[in-house]
Amino acid sequence: MKASTKDQVAGAVHEIKGAVKEVAGKLSDNPDLEGEGLGEKIAGKIQKKVGEVERVLEK
């Protein structure tokens, strides 16, 4: 598997995990968990974009 594909997959996983943590934080009224989830979701989006850019640069 190419590095760009790995980055895209890992980014998607982080994005999903972050969304779950964010919702769990809202439901349990835990602002720390909610913030952690939001941060992880954003990091996942960035990692996914890095993978897309790497894929374009490989061509």
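Coordinate-derived values only; no laboratory data. Only a predicted model underlies this, so the values are computations on that prediction, with no experimental measurement involved. No Cβ is skipped: glycine too gets one built from the backbone with ideal geometry, and neighbour counts run over all protein chains shown.
Working from label points 7 Å from Cα in the Cα-to-Cβ sense, the Leu27 to Val56 distance is 3.7 nm.
Could you tell me the relative contact order of the chain? Use alpha-carbon pairs under 8 Å, at least six residues apart, and round to a whole percent. Please list the in-between numbers first.
Numbers: 83 pairs, mean separation 27.7, N = 59.
47 percent.
Among Ser4, Ser28, which comes first, second and so on when ranked by fewest other beta-carbon atoms within 10 Å? Each step should come with its number before you reach the end.
Details: Ser4 17, Ser28 10.
So the residues, fewest neighbours to most, are Ser28, Ser4.
The magnitude of the dipole of the chain, with charges of +1 and -1 set on the Cβ of Lys/Arg and Asp/Glu and taken from the Cα centre, is near 360 debye.
For the chain, lysine pairs with C-alpha atoms less than 13 angstrom apart, excluding pairs fewer than eight positions apart on the same chain, total 7.
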